[in-house]
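K.L.:
So that we are looking at the same thing, I have put the structure below in structure tokens.
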Amino acid sequence: HGCWLAPMGNVLSRRRKLLFGGPLLGAAALFVAATFVRYRRFRQTTDYLFYSTSDFFRSGLLALRTKNVRNMAIAAVIITMALRRAGIGLRKRMMLPTTFVILWAMYHRFSVCEHPLVRCKRTFWNLHLVERARLTRAVYQPTMWGWNRHAMTVCCGTLSSLEWLWVQPLQYEREELTAHDRNPVYLDWAVFPDDDPRGGSYREDWPVLLIVHGLGGGRDEPYVRRMTMHAHKRGWRPVVFSYWRLDFGQSEDLTTAINHIAERYPTAPITAVGFSAGGHVLLRYLIDAGKNTPVVAAVTVSGVLNFTNTYEHVLSNENVTYRMWMDYSIKLCARRHLQHDRTPNLDREALERVLVEEADGPHVYDRFMYHLPWFSGKRHSDDLDEEDEEEEEAGTPGMFLDGDGGDGGGDGEDESGGAGAGAGEAKAARGAAQGRLKRDSSGGSGLWDYGASGRRRRRPWQYRKQTRRHYELDANQHLDKVGVTLLMLHAADDPVVSDRSTDWDTVVQGNKNIISVTTMRGGHVGWHESLFMVGPSWADRVSVNFLSAVLETQAHTNFLVSVLRKANRSLPSHQDSFTPTQMA
């Protein structure tokens, strides 16, 4: 009955698999190899801070070790065993994976997808904007395989950069301005083919979207590129404010940039979006400017409100990727500051010594700020009273990690004009002793160090008196001074910026101009939705929709005001109000 043909049939089926599967596997291998080559070239030619391969896999493993994944795996095993005993289901090999995928999809649909929580003061303007922008109906559907905060922030953030390997790269035109201290201010205007004035689509009254990147970032960040592309498709003119200063509390450079844009395009409305640390820079500008600003509306995405709490939150995180990333980003910003700062009396030797001697980001930041001739909130030594000088010698507990007391990281020799050989040897020994840092196993936010005696002890949070006022300029203490409409997007599972120290109800009730939108998931500058992280994220769409709603509402209001003014001018000069006949 044809049983002798069974071996021949198996051979033919294998040949068919090789015939069709071989080219597919070869094409896939070539695509992966070409993507890898392009990715390496992309890393070398772009100003973008990449996560390493170890960071990618570390975050992926932490995402797989969560309680939800473990419970779904156990439930899939139990259901599969029950189905096999009942004689129901697919093949044995496919039953367990299929059950797990079904459970995963059901959990994603009913427990992960969510409506955002919108908070605002119930004014007519705010309620109209919330309804116009559809904030309460903007359902967030995270990437099906990456809704964990580590997977969303690191894994999805890394894979989102692959989108730009096979598409036409963005082109920028850099415009250099002059700041208040004669240093440069950079604006990178995104250039698209349809922006050519000879093409007929260029208009001077296009709304301008100013994008402020995050810590250690630049115009080539994936989230900056996505926002730039999405804003341009919606009819906006995007421009990136590429700031290079390490000082995240000063707003003079951003003021220079915004005033220049207002002078260049006087008829174009100006809006702004700030990501992460760039959100803090934008908030500082809005706080300092109040209502005296050409900015119509603004959005912060995972914006930092307090750098002290942010670093403490990073230290308490189970994923060491964020601490290493933040330390490296701060040093990168310090090097960028040295590269672009043209101040004549800048002590470059002392600043370069800081980068060599310090490893922790807070140490680098505090010592670097201490040696700058000017920074936001700077206090001069002659302004300190005797009590301040005594506290300055011992260090002030509050934020940044300090060494074994003393001069707080070795700045005494800088004031005396150089260190001797003995001081240098002592500093090297102290640096070697402080190099062996371990995380606090009790889950605290501090670090442990091992001194010369070998005993483990907790390192105190300390900063200098000269820099104390700088840390008092955190945005969360002055949000009531924001004078323009502001949308603040934040995720409760953000592994970098914690919302535990921010009472959003108090924030929105204290300022009618602020609207807060929070989600349970989203990570840090994440909110990816597509399966392969292609196209705008949920935060990009919500931000542009909100800014569009503000501009549309203001356009309608201005139109009605202009109609009333024209009607009022048509009345007799002695008449100050409409009569019933004229109203009819």
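K.L.:
Kindly indicate which of V525, V550, V517 is assigned to a loop (DSSP other than H, G, I, E, B), in contact with a strand residue (DSSP E or B) (Cβ under 9 Å, 6 or more places away or on another chain), under 26 Å from A492 (Cβ atoms) and of a type in the set (A, V, I, L, M, F, W, C).
P.N.:
On the way: V550 fails: assigned to a loop (DSSP other than H, G, I, E, B); V517 fails: assigned to a loop (DSSP other than H, G, I, E, B).
Just one listed residue meets the conditions, V525.
K.L.:
Right, something else. Answer yes if at least one residue in the stretch 77-85 is charged (D, E, K, R), surrounded by fewer than 15 Cβ atoms within 10 Å (Cβ to Cβ) and either at pLDDT 90 or above or within 27 Å of the chain's Cα centre (by Cα) (or both), and no otherwise. Steps first, please.
P.N.:
Of the stretch 77-85, the ones charged (D, E, K, R) are 84-85.
Right, trim to surrounded by fewer than 15 Cβ atoms within 10 Å (Cβ to Cβ) and you get 84-85.
Going one step further and asking which of them are either at pLDDT 90 or above or within 27 Å of the chain's Cα centre (by Cα) (or both), we end up with none.
Checked the stretch 77-85: no residue is charged (D, E, K, R), surrounded by fewer than 15 Cβ atoms within 10 Å (Cβ to Cβ) and either at pLDDT 90 or above or within 27 Å of the chain's Cα centre (by Cα) (or both).
K.L.:
May I pose another question? Examine the stretch 528-538 for a residue that is open to solvent by less than 20 Å² (accessible area, probe 1.4 Å), touching a strand residue (DSSP E or B) at 6+ places or on another chain (Cβ under 9 Å), modelled with pLDDT of 85 or more and not in a loop (DSSP other than H, G, I, E, B), and state whether such a residue exists.
P.N.:
Yes: one or more hits.
K.L.:
Please find, within the stretch 486-508, the residue that is farthest from N476 (Cα to Cα) out of those that are outside any loop (DSSP other than H, G, I, E, B) and hydrophobic (A, V, I, L, M, F, W, C).
P.N.:
The first filter runs over the stretch 486-508 and keeps only residues outside any loop (DSSP other than H, G, I, E, B), leaving 486-491, 504-508.
From what is left, the residues that are hydrophobic (A, V, I, L, M, F, W, C) are 486-489, 491, 504, 507-508.
Working: L486: 14, L487: 14, M488: 12, L489: 14, A491: 17, W504: 10, V507: 9, V508: 12 Å.
Ranking the candidates gives A491 first.
K.L.:
Can you run down the residue pairs with Cβ atoms below 9 Å, 6 or more apart or on separate chains, where the first is in the stretch 495-513 and closer than 16 Å to N126 by Cβ and open to solvent by 40 Å² or more (accessible area, probe 1.4 Å) and the partner is in a helix (DSSP H, G or I) and at pLDDT 90 or above?
P.N.:
G510/L479; G510/D480; K512/W125; K512/N126
K.L.:
Turning to a different aspect of this structure: For the stretch 91-136, which residues satisfy the criterion of being open to solvent by less than 90 Å² (accessible area, probe 1.4 Å) and among the charged types (D, E, K, R)?
P.N.:
Within the stretch 91-136, E114, R119, K121 qualify.
K.L.:
Using the structure shown, decide if V118 is part of a helix (DSSP H, G or I), of a type in the set (A, V, I, L, M) and either out of contact with any His (no Cβ under 6 Å at 6 or more places or on another chain) or under 22 Å from I515 (Cβ atoms) (or both). Reasoning before the result, please.
P.N.:
Numbers: part of a helix (DSSP H, G or I): no; of a type in the set (A, V, I, L, M): yes; either out of contact with any His (no Cβ under 6 Å at 6 or more places or on another chain) or under 22 Å from I515 (Cβ atoms) (or both): yes.
The answer is no for V118.
K.L.:
Can you name the number of the only condition in (1) touching a strand residue (DSSP E or B) at 6+ places or on another chain (Cβ under 7 Å); (2) buried (at least 19 other Cβ atoms within 10 Å of the Cβ); (3) more than 30 Å from C155 (Cα to Cα); (4) modelled with pLDDT of 85 or more that H340 fails?
P.N.:
The one condition H340 does not meet is (2).
K.L.:
Residues of the stretch 140-162 being in a loop (DSSP other than H, G, I, E, B) and either among the aromatic types (F, W, Y) or open to solvent by 50 Å² or more (accessible area, probe 1.4 Å) (or both), which ones?
P.N.:
First pass over the stretch 140-162, keeping only residues in a loop (DSSP other than H, G, I, E, B): 141-148.
Correct list: Q141, M144, W145, W147.
K.L.:
Among the residues of the stretch 181-198, write down those that are open to solvent by 60 Å² or more (accessible area, probe 1.4 Å) and at pLDDT below 90.
P.N.:
First pass over the stretch 181-198, keeping only residues open to solvent by 60 Å² or more (accessible area, probe 1.4 Å): 182, 193-194, 197-198.
Answer for the stretch 181-198, where residues must be open to solvent by 60 Å² or more (accessible area, probe 1.4 Å) and at pLDDT below 90: P193, D194, P197, R198.
K.L.:
Right, another one. Look at the stretch 234-254 and say how many of its residues are part of a loop (DSSP other than H, G, I, E, B) and over 19 Å from A179 (Cα atoms). Spell out the reasoning first.
P.N.:
First pass over the stretch 234-254, keeping only residues part of a loop (DSSP other than H, G, I, E, B): 234-236, 243-251.
Pick out the ones that are also over 19 Å from A179 (Cα atoms) and you get 234-236.
Here the count works out to 3.
K.L.:
Test A231 against the stated conditions and say whether it is assigned to a strand (DSSP E or B) and in contact with a helix residue (DSSP H, G or I) (Cβ under 9 Å, 6 or more places away or on another chain).
P.N.:
Values: assigned to a strand (DSSP E or B): no; in contact with a helix residue (DSSP H, G or I) (Cβ under 9 Å, 6 or more places away or on another chain): yes.
The answer is no for A231.
K.L.:
Conditions first: (1) part of a helix (DSSP H, G or I); (2) in contact with a helix residue (DSSP H, G or I) (Cβ under 7 Å, 6 or more places away or on another chain). H313 passes all but one, so which condition is the exception?
P.N.:
Failing condition for H313: (2).
K.L.:
Going by the conditions given, is N319 open to solvent by less than 10 Å² (accessible area, probe 1.4 Å) and out of contact with any strand residue (DSSP E or B) (no Cβ under 8 Å at 6 or more places or on another chain)?
P.N.:
Numbers: open to solvent by less than 10 Å² (accessible area, probe 1.4 Å): yes; out of contact with any strand residue (DSSP E or B) (no Cβ under 8 Å at 6 or more places or on another chain): yes.
Against the criterion (open to solvent by less than 10 Å² (accessible area, probe 1.4 Å) and out of contact with any strand residue (DSSP E or B) (no Cβ under 8 Å at 6 or more places or on another chain)), N319 qualifies.
K.L.:
When both residues are 6+ apart or on different chains and their Cβ atoms are under 7 Å apart, which pairs have a first residue that lies in the stretch 546-559 and is under 23 Å from V517 (Cβ atoms), and a second that is open to solvent by less than 10 Å² (accessible area, probe 1.4 Å) and polar (S, T, N, Q)?
P.N.:
From the stretch 546-559, the pairs are L547/T271.
The values are calculated or read from the model by the stated rules, or taken from the named source; none is laboratory data. What you are looking at is a predicted structure, and each value in this text was computed from that prediction instead of being measured. Cβ: placed from backbone, ideal geometry, glycine included. Neighbour counts: every protein chain shown. For the accessible areas, the whole protein counts, side chains as well, though only heavy atoms, and no ligand, DNA or RNA atoms are used. Shrake-Rupley method; radii C 1.70, N 1.55, O 1.52, S 1.80 Å.
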